[in-house]
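What follows is a set of notes on a single structure, which appears directly below.
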Amino acid sequence: MTEPTAARIDGLAVRDLHVARGERSVLHDVRFDAPKRAVVALVGPSGAGKSTLLRCLNRLHAPDGGTVLLDGEDTAALDPCTLRRRVGLVGQVPVMLPGSVRENVAYGLDPAAAADADRLTRALRDAGLDADFLDRTASELSGGERARVALARALTREPELLLLDEPTAALDAAVARHIAATVRSLAGAGLGVVVATHDLAFAADVADRAVALRDGTAVSGAPAELLAAARDGDPAAHAAATASDAVEEPGT
C-alpha cells in the first residue's frame with residue numbers, strides 16, 4: 001500500500017529536526033509548519049534552543065538530522081545564498097555599520113538595487129520608519145530605531161519569510177507595540193514570519209500559531225493554550241489539546 005504524501009506547505013515545514021552539541025541533544029524530533037501570510041511564535045525559557053532553531057531554518061546552522069522544507073523543497077538542496085535571500089534572518093542584536101542608514105539598508109545589495117531609492121524607502125516604510133531616516137547617521141539611532149533599520153535591511157532582499165530573534169529585547173513597551181504592529185502588517189502583506197521571543201505578551205499580540213520549546217522538544221498549537229501553558233512553565237501539558245491545530249491554516 002502506498003504511503004500518503006504529506007501536504008505541501010506554502011512556506012517552511014520542519015520535520016523531525018535534530019541538533020546536538022557533542023553528545024548532548026539540544027533539539028530532537030522538532031516538527032512544525034511556518035506558512036506564509038502568518039506569524040509563528042517560538043517561545044521557551046532561555047537556553048531552550050530558540051535561536052539555534054531559527055538558524056537551522058535558513059541553514060546558518062546545519063541540523064544533525066531531520067528536514068526543513070521551503071515550499072516543499074529540501075533546503076539542504078538549495079544554494080545557501082538563494083535560501084538566505086528567500087528566508088531572511090534578523091539577529092537579536094541589531095548591528096549597525098559605520099555610515100548612514102541608507103548605507104546600512106543597502107548593504108549587500110547589487111549596485112542597481114542599492115541605488116533604487118524607492119526600494120530602500122519601501123523597506124524603511126514597511127519597517128515603520130520614514131524615508132527621511134535614510135540620511136540619518138546609523139550610530140546615532142536609538143535602540144528601537146536600530147531594530148527597525150535591521151528589519152528594513154532584511155526587507156530590501158524581498159524575502160518570502162522572515163526570521164526574527166528576540167526583536168523586542170531591551171526595548172520599552174511602546175516600541176515593542178510598534179514592532180508588533182509591524183510584524184502583523186508584514187504577515188498581512190503575504191510574508192511568513194517566525195519570531196523567537198521570551199516575551200509572552202508580545203507573542204500573544206502577534207502570533208497566529210505558537211511553538212513552545214522545552215527540554216529539546218517542541219509542542220505546536222494555538223497561541224492561547226500554549227502561551228498560557230508557557231506562563232505556567234509546562235507547555236507540554238497542552239500537547240494533546242493543541243496537536244490538531246498545528247496543521248491547520250490560521251483562521252480555519
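Return the residues of the stretch 2-55 that are on the phi > 0 side of the Ramachandran plot, surrounded by fewer than 16 Cβ atoms within 10 Å (Cβ to Cβ) and at pLDDT below 90; say none if nothing qualifies.
Within the stretch 2-55, Gly22, Gly47 meet the criteria.
Could you check, for the stretch 168-179, whether at least one of its residues is modelled with pLDDT under 90, closer than 28 Å to Ile9 by Cα and aliphatic (A, V, I, L, M)?
The answer is yes, given that some residue of the stretch 168-179 is modelled with pLDDT under 90, closer than 28 Å to Ile9 by Cα and aliphatic (A, V, I, L, M).
Out of Leu155, Leu162, I need the residue that is closer than 18 Å to Arg84 by Cα, at pLDDT 95 or above and among the aliphatic types (A, V, I, L, M). Which one?
Leu162
Across the stretch 56-75, what is the number of residues that are among the β-branched types (Val, Ile, Thr) and surrounded by 16 or more Cβ atoms within 10 Å (Cβ to Cβ)?
Residues in the stretch 56-75 being among the β-branched types (Val, Ile, Thr) and surrounded by 16 or more Cβ atoms within 10 Å (Cβ to Cβ): 2 in total.
Listed here are the residues, each with its yes/no results for (1) assigned to a helix (DSSP H, G or I); (2) touching a residue at least 60 places away in the same chain (Cβ under 8 Å).
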{"position": "Val30", "(1), (2)": "no, yes"}
{"position": "Arg59", "(1), (2)": "no, no"}
{"position": "Leu89", "(1), (2)": "no, yes"}
{"position": "Gln92", "(1), (2)": "no, yes"}
{"position": "Leu97", "(1), (2)": "no, no"}
{"position": "Asp118", "(1), (2)": "yes, no"}
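Hey, does the stretch 137-159 have a residue that's under 30 Å from Arg15 (Cα atoms), of a type in the set (Ser, Thr, Tyr), assigned to a loop (DSSP other than H, G, I, E, B) and out of contact with any strand residue (DSSP E or B) (no Cβ under 8 Å at 6 or more places or on another chain)?
Scanning the stretch 137-159 turns up at least one residue that is under 30 Å from Arg15 (Cα atoms), of a type in the set (Ser, Thr, Tyr), assigned to a loop (DSSP other than H, G, I, E, B) and out of contact with any strand residue (DSSP E or B) (no Cβ under 8 Å at 6 or more places or on another chain).
Can you spot a residue in the stretch 7-23 that is out of contact with any Leu (no Cβ under 7 Å at 6 or more places or on another chain) and assigned to a helix (DSSP H, G or I)?
Scanning the stretch 7-23, I find no residue that is out of contact with any Leu (no Cβ under 7 Å at 6 or more places or on another chain) and assigned to a helix (DSSP H, G or I), so the answer is no.
For the stretch 191-249, how many residues meet the condition of being closer than 24 Å to Gly88 by Cβ, charged (D, E, K, R) and at pLDDT 75 or above?
4
Report the residue count in the stretch 120-136 for those that are in a helix (DSSP H, G or I) and surrounded by fewer than 18 Cβ atoms within 10 Å (Cβ to Cβ).
5
The values are calculated or read from the model by the stated rules, or taken from the named source; none is laboratory data. What you see is a predicted model; the values in this text were computed from it and never measured. With ideal geometry, Cβ positions are generated from the backbone for all residues, glycine too; neighbour counts draw on all protein chains shown.
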